[in-house]
1. Under the Karplus relation 6.51 cos²θ - 1.76 cosθ + 1.60, θ = phi - 60°, what is the ordered set of whole-Hz ³J(HN,Hα) values for the range 153-161, x standing for Gly and Pro?
2. Could you put M268, M215 in order, starting from the residue whose Cβ has the fewest other Cβ atoms within 10 Å?
3. What is the calculated FRET efficiency for H248 to T150, with r their C-beta to C-beta distance and R₀ = 35 Å, to the nearest 0.05?
4. What FRET efficiency comes out for L10 versus T135 if R0 is 41 angstrom and r is the Cβ-Cβ distance? Round to the nearest 0.05.
5. Order of E129, E256, E173 from fewest to most other C-beta atoms within 10 Å?
6. Which FRET efficiency, nearest 0.05, do V124 and R89 yield, Cβ-Cβ r, R0 22 Å?
7. Order these by the 10 Å Cβ neighbour count, fewest first: Y265, Y258.
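Nothing in this text is a laboratory measurement; each read-out follows from the coordinates by a stated rule. Source: prediction; values computed, not measured. Cβ: placed from backbone, ideal geometry, glycine included. Neighbour counts: every protein chain shown.
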Amino acid sequence: MDLKAVYENLEEFEAAVDEGFRGLYSERDGKYELTGIAGVKTATDVDTLNTTLKRVREERKQVKLKLAKFGKLDAEQVQSNLDEIEDLRAKLEIAEAAAGDGKVDDAQIQKRVDAQTAGQLRPVERERERLQKETEEQKAVIALHEQNNTNRMITDSVRTAAGEAKIVVSAMEDVLMLSERVFEVTEDGSVLTKDGIGATPGIDPAVWLTEMQSMRPHWWPTSVGGGASGGNGTGVGMIDNCFKPGPHFNMTKQAELYKSDPVKYASMKRSAGV
């Protein structure tokens, strides 16, 4: 049977999707949507896009109605006409003063100079504003791209760890939502917990999940969650911390981990308080 992008309820979802593929889905408003494959758009994504397009079209319509009042005049021409009007007003005041008592004071001359200067500087100011706006927009696009890339790296890493830890599908959305607040991407590209977030700082998603089992037992199947494996806090798919004092302490595993995965080695040491 082919996988569907969206299943309407949990019963349909569990009946149609093998357990090994359930980690690719996220629960949203009672439905289960395929979110674990890059490039696949869900129904929610499509609805959001349609809503945004509708709003943009309406805003564009309103702008056109407002601009219709200016006929064929463009913004540059309108501003140029306004500058010319100010200059003509200054000229008219000087001419009226000269026709009256023949005296033109400094204030009237300065007003004429200011009007001419403003007209000459206006195009320069508009170009500067345009360049500033373009620069800000480019910075915003770059920042958004970087944030999206960071979020993707965190989501991919957490989703992989959650699959290995046998997290139930219905809890995946909760796991990913919390991970956005908990994790960051370090300069070397590692996904590690932040400081001051209620978990051991500097640990990877797999080790973080071992800490979360006592606080979020509902993330795991009932048969293996909440200490069901003998009170050691480790369920099916979880990682035994070989640094913690107790039955899992193992110096041989520590040495092997140091060689095979230095990041996880450091994460497990931190989690164990070593």
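1. With the stated coefficients, the range 153-161 comes to 4, 5, 4, 4, 5, 5, 4, 5, 5 Hz.
2. M215, M268
3. Once rounded, the FRET efficiency stands at 0.60.
4. On the way: r = 49 Å, r/R0 = 1.20.
The value I calculate is 0.25.
5. E129, E256, E173
6. Values: r = 22 Å, r/R0 = 1.01.
Efficiency at R0 = 22 Å is approximately 0.50.
7. Working: Y265 19, Y258 13.
In order of increasing Cβ crowding within 10 Å: Y258, Y265.
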